[in-house]
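Working notes, structure below.
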Amino acid sequence: MNIVIQPILASVIDDRWASSVVPPPYDSLTAQERELHLEKHVHSFLHVTRSADASHGHPTEHVRLAAEGNSALSDLITAGAYMPLPEPRLFLQKIEAEGVIQRSIIGSIDLSEVSPMPHEAVHQGRVQALAAHFRQARSMSSPVVVTSRSDDFDLRKLEESDKTALLTSFVATDDTEMSLWEISPDFVIDFEQLYIIDGHHRVAAAREAKFGHLLVAYVPPSELCIGSFDRDIDELEFLPRKTIDELSKWCDVRTSSESESTKPVDKGVLRLRFGDEWYWAERKEITGLDSEFVHGVLLPELFGIHDADDPRVSYRPFSAGVSNSPATIRLAPAELGDVFDVADRSLVMPPKSTYFFPKARSGVLIISC
């Protein structure tokens, strides 16, 4: 059975509100940056979605934050920030950020019939927080990004065709340029299999909340860009020289410069920062993913960290700059083939093994679920 991405009945952000409502991606901001963003942008959709991310703790806290987020959403709708469209449609979206252009088809999939293939495990606390948000709002705005092995759809040609009509074009709060078109009703898009690229927690939470349909953004493989997450390690007392000696059991290590740390690396090569010093570590035996090596060997053996959710470890997109934490581990990006292979074998990568960008945004459109 082919998987059909279905048209959605959506409300779309009004041009007059877009630049103040559509926020940066949640995980591109540190906790402090998120608080500053919320203070500066009183209409930001992050006031809605933070309820799904701000707590992994007690269920009553999930419910309280979800209620706050739902109230923020109601305020935006009452104020006229969204335009309800009269008929279900598929949408073409274009995001221009970080020097990259990404196009996607936005619609929905039937969760009773379709199970997009995952490649990462989920944190149950995050799933429960998101599910509480979904139960309160009964809507979705952050699409789950999916792709396929097929690269038959040329979305640039679709953008330039007579099958699309521009609905809105704006600059988001972080200067990202975004455009949204509705697609003519006769356009059909279907696949043999879909793979989750970004949004594993949203898929699990939508099922937990008993949603029938899932908001998705289909990005063809040729439009996907893959980066990596740095592992920043905090609250440590360690001796860098002793740590480097230990690291030498598995890697050939040499000193590096900070400027060299920003250059692309190949699989099997890690960059590590201890204080102000950078090092280049090439694995002696390359088996498995670099992220598996980091979480299975380096974090437990060098730092005594055995759990990917250990509070001493934080994850930050490589493009976000350099942390002031005591140590950083920087990896080369995984490849799309790794994602397909892991998913096809029903396995999972360690958390934050992939960082696909530009990230899909909340607040561009809303669907009821």
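The values are calculated or read from the model by the stated rules, or taken from the named source; none is laboratory data. Quantities reported herein were computed from a predicted structural model and do not represent experimental measurements. Cβ atoms come from the backbone with ideal geometry, glycine included; neighbour counts cover every protein chain shown. The protein model used for the area step is the full one, side chains on, heavy atoms only, and it has no ligands, DNA or RNA in it. Shrake-Rupley method; radii C 1.70, N 1.55, O 1.52, S 1.80 Å.
Brief remarks follow.
- Residue tally, condition in contact (Cβ under 8 Å) with a residue 40 or more places away in the chain, more than 13 Å from I95 (Cβ to Cβ) and among the polar types (S, T, N, Q), over the range 171-187: 1
- Residues that are crowded, with 21+ Cβ neighbours inside 10 Å, in contact with a strand residue (DSSP E or B) (Cβ under 7 Å, 6 or more places away or on another chain), closer than 21 Å to V269 by Cα and not polar (S, T, N, Q) are absent from the range 357-366.
- Answer from A79, A66 - the residue that is open to solvent by 50 Å² or more (accessible area, probe 1.4 Å), touching a Phe, Trp or Tyr at 6+ places or on another chain (Cβ under 9 Å) and at pLDDT 85 or above: A79
- Of the residues making up the range 297-336, those that are open to solvent by 50 Å² or more (accessible area, probe 1.4 Å) and out of contact with any Gly (no Cβ under 8 Å at 6 or more places or on another chain) are E301, H306, D307, D309, P311, R312, S314, Y315, A320, V322, N324, E335.
- The set of residues in the range 333-369 that are in contact (Cβ under 8 Å) with a residue 40 or more places away in the chain and among the charged types (D, E, K, R) comprises E335, D338, D344, K352, K359, R361.
- One residue stands out in the range 82-99 among those that are in contact with a Pro (Cβ under 7 Å, 6 or more places away or on another chain) and more than 22 Å from C225 (Cβ to Cβ): the one that is most open to solvent (accessible area, probe 1.4 Å), namely P88.
- Checking S291 against (1) in contact with a Pro (Cβ under 8 Å, 6 or more places away or on another chain); (2) under 16 Å from I233 (Cβ atoms); (3) surrounded by fewer than 21 Cβ atoms within 10 Å (Cβ to Cβ), the condition it does not meet: (3)
- Every test in (1) at pLDDT below 90; (2) in a helix (DSSP H, G or I); (3) surrounded by fewer than 19 Cβ atoms within 10 Å (Cβ to Cβ) is passed by S19 save one, and that test is (1).
- Filter result for Q102 (open to solvent by less than 40 Å² (accessible area, probe 1.4 Å), among the polar types (S, T, N, Q), within 28 Å of T147 (Cα to Cα) and in contact with an Asp or Glu (Cβ under 6 Å, 6 or more places away or on another chain)): yes
- Members of the range 312-353 found to be closer than 21 Å to H201 by Cβ and polar (S, T, N, Q), listed by number: S314, S346, S353
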